[in-house]
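A short write-up of the structure that comes next.
The values are calculated or read from the model by the stated rules, or taken from the named source; none is laboratory data. Model, not experiment: these values are computed from the prediction. No Cβ is skipped: glycine too gets one built from the backbone with ideal geometry, and neighbour counts run over all protein chains shown. Only protein heavy atoms, including side chains, enter the accessible area calculation; ligands, DNA and RNA are left aside. Shrake-Rupley method; radii C 1.70, N 1.55, O 1.52, S 1.80 Å.
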Amino acid sequence: MKAIILSGGKGTRLRPLTYTGAKQLVPVANKPILWYGIESIVAAGISEIGIIISPETGGEVQTKTGNGDRFGANITYIPQDKPLGLAHAVKVAQPFLGDSPFVMYLGDNLVQSELDLFIDKFKAQHLDALTLLCEVENPSAFGVARVDANGKVLELIEKPQNPPSNLALVGVYLFSPKIHQAIANIQPSPRGELEITDAIQYLIDQQEAVASHRLTGWWLDTGKKDDLLAANQIILDTCLESTHEGTIDDQSKISGRVHVGQNSQITNSMIRGPVTIGKNCKIQNCFIGPYSSIADNTTLIDIDIEHSVVLQGATLEGISSRIVDSLIGERAHLKVAPQRPKALRFMIGDDSQIELT
């Protein structure tokens, strides 16, 4: 069995961060979102992984993720020149997939699930498609499945006005090679894309074996800032281990689960976990509260921050107000201007969101 991970798309909901980088590489708990999917697939025993990349961000994905050695995998990068739909991504990956059954995993999703149980069900029932479903409060915002009492999929509807159920398609699928024939027999949707839901519906209409598996853990689509912060909180709650590899002076106080990376210096600061701090960071005269992730090579001086994600190389200094619920991009510099009279001075990118209180 093989796997493909979709790592294209423009990430418009995370702009301005994604003007200069791939949304799948935005870190959660200081690890790129994409890597969680790779690790889950490898843990399920699959080592042949194809990653679908776009022309805009594919080079960055390839450079940062590498050939798969660090994960115990063999990664092949598959260009998708235009974002023409999930089924189109499978179509361009067909030479890599051959006649193998495969997992398809959306690279900006985080799923609390043992993927091997999903695979075992697929194999045991000799299925042609298996979709992972999750109960949601707003099903009209997702692709939705109508299933019978045994979990057999009867119908898939993309973002229905009147949802037949509250079971959303999570973004993890298993397919037999029959999906390629299904994709060859569908037409682009009104938005000009080959929809994977249409391909699965084709299999259903052809009386092929299509079933579902209901997710009992959490599922997070990290496409928006608040979703990414929620994912950061859950990962820190469930996965963080306390390790102090940097230097912490006697005036600093550490409580709860806190990771401090190599060569980071903590001076006269209070850190209340769960918090993760990367390598080569300088933290001075700060309070860092729960559910904060501070990436490598950042500098925080005289800062009070919590429930926030600070990306690599950022500098924050001298801000008198507490920073909360924030996502701060790579190499950003946030400081107080010394000029008088007192005023606010900004340089703000497209699609930024700023709240002043």
- Message: More than 23 angstrom separation, counting every C-alpha pair in segment 202-345; what % is that?
- Response: 41
- When the Cα centres of segment 178-257 and segment 46-64 are compared, how far apart do they sit, in Å? 17
- Within the accessible area of the chain (1.4 Å probe), percent carbon and sulfur: 46
- Note on the structure: Expected vector for segment 264-276, Karplus 3J(HN,Hα) from phi with 6.51, -1.76, 1.60 and θ = phi - 60°, integer Hz, x for Gly and Pro, equals 7, 10, 10, 10, 6, 9, 10, 10, 10, x, x, 9, 10
- Message: So with the 1.4 Å probe, I'd like the accessible area per residue for the chain, rounded to whole Å².
- Response: 49
- Vicinal HN-Hα couplings computed from phi for segment 53-70 (Karplus, 6.51 cos²θ - 1.76 cosθ + 1.60; Hz; Gly/Pro x): 10, 9, x, 6, 10, x, x, 5, 4, 5, 5, 6, 8, x, 8, x, 3, 5
- Note on the structure: Scoring only Lys, Arg, Asp and Glu (+1, +1, -1, -1) among other residues with Cβ under 14 Å from the Cβ of residue 39 yields -1
- Read phi for every residue in segment 146-151 and hand back ³J(HN,Hα) as whole Hz from Karplus 6.51 cos²θ - 1.76 cosθ + 1.60, θ = phi - 60°, with x for Gly and Pro. 9, 10, 8, 5, 8, x
- Item | Global geometry of segment 1-146, whether rounded, prolate or oblate, following the gyration tensor of its Cα atoms and the 1.5 cut on a/c | rounded
- Query: What span do the alpha-carbon atoms of segment 69-207 cover on each of the three principal axes, reported in whole Å from largest to smallest?
  - Reply: 44, 34, 30
- Message: Exceeding 30 Å between C-alpha atoms, which entries from my cross-link table qualify? They are 23/253; 224/253; 2/82.
- Response: 23/253; 224/253
- Message: How charged is the neighbourhood of residue 299? Take every other residue with its Cβ under 14 Å from the Cβ of residue 299, and add Lys/Arg as +1 and Asp/Glu as -1.
- Response: 0
